[in-house]
1. Looking only at the stretch 33-67, which residues are more than 30 Å from residue 20 (Cα to Cα) and either touching a His at 6+ places or on another chain (Cβ under 7 Å) or outside any helix (DSSP H, G or I) (or both)?
2. Starting from the stretch 73-90, keep only residues that are within 17 Å of residue 103 (Cα to Cα), then list their pairs with residues that are assigned to a helix (DSSP H, G or I) and open to solvent by 80 Å² or more (accessible area, probe 1.4 Å) whose Cβ atoms are within a distance under 8 Å, requiring at least 6 positions of separation or different chains.
3. Quick one: count up the residues across the stretch 77-97 that are modelled with pLDDT under 90 and of a type outside the set (Ser, Thr, Tyr).
4. When you scan the stretch 68-83, do you find a residue that is open to solvent by 90 Å² or more (accessible area, probe 1.4 Å), under 30 Å from residue 14 (Cβ atoms) and out of contact with any His (no Cβ under 6 Å at 6 or more places or on another chain), even just one?
5. Only one of (1) outside any helix (DSSP H, G or I); (2) open to solvent by 100 Å² or more (accessible area, probe 1.4 Å) fails for residue 15. Which number is that?
Amino acid sequence: MRDAMARMAYKGPEPDFAAMKKETKNPEFVEEFEKAYKSVTAPDMAMTQVDTLKKNFAELEAQAKKHATHATTRMAELEAELKSIEAQREKIGTMTMDEYFETNPELKKKIDERIKNDQWFDV
């Protein structure tokens with residue numbers, strides 16, 4: 001954008017106000033025009049907002065990559081769990097308690113502890 005503005009900017013010679021004052025019948029107009037001409041300043045084209053936005057975007061992009069990595073890992077975990085559940089569903093009709101407890105040893109410990117304490121029912 002700055003390059004386009006620089007190319008479009010006027011690059012001709014400065015007006016010769018002294019010569020204009022001599023050639024005109026009303027040098028006051030030329031003086032006012034000269035004062036107005038010299039008071040015009042080019043706006044500051046510094047774009048600090050763009051730098052801030054680039055920084056913020058980089059932070060957001062890093063967070064998104066982190067979340068994407070976590071999501072990919074979590075998807076792999078869930079797919080493995082799903083395969084395990086599907087395998088159990090296929091053999092649930094013929095599975096023995098011992099086979100089930102092989103896949104869930106913590107449940108076996110919990111049940112053995114309840115039997116040991118003579119707790120047969122949840123109340």
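1. First pass over the stretch 33-67, keeping only residues more than 30 Å from residue 20 (Cα to Cα): 44-67.
If the condition is that a residue be more than 30 Å from residue 20 (Cα to Cα) and either touching a His at 6+ places or on another chain (Cβ under 7 Å) or outside any helix (DSSP H, G or I) (or both), then 44, 45, 46, 47 are the ones that fit.
2. none
3. So in the stretch 77-97, the residues modelled with pLDDT under 90 come out as 84-85, 87-97.
Next, from what is left, pick out any that are of a type outside the set (Ser, Thr, Tyr): 85, 87-93, 95, 97.
Qualifying residue count for the region: 10.
4. The answer is no; no qualifying residue exists.
5. (2)
The values are calculated or read from the model by the stated rules, or taken from the named source; none is laboratory data. Being a predicted model, the structure only gives us computed values, none of them experimental. Here the Cβ is made from the backbone with ideal geometry for all residues, glycine too, and neighbour counts use every protein chain on show. In case anyone asks, the SASA skips ligands and DNA or RNA and just uses the protein heavy atoms, side chains included. Shrake-Rupley method; radii C 1.70, N 1.55, O 1.52, S 1.80 Å.
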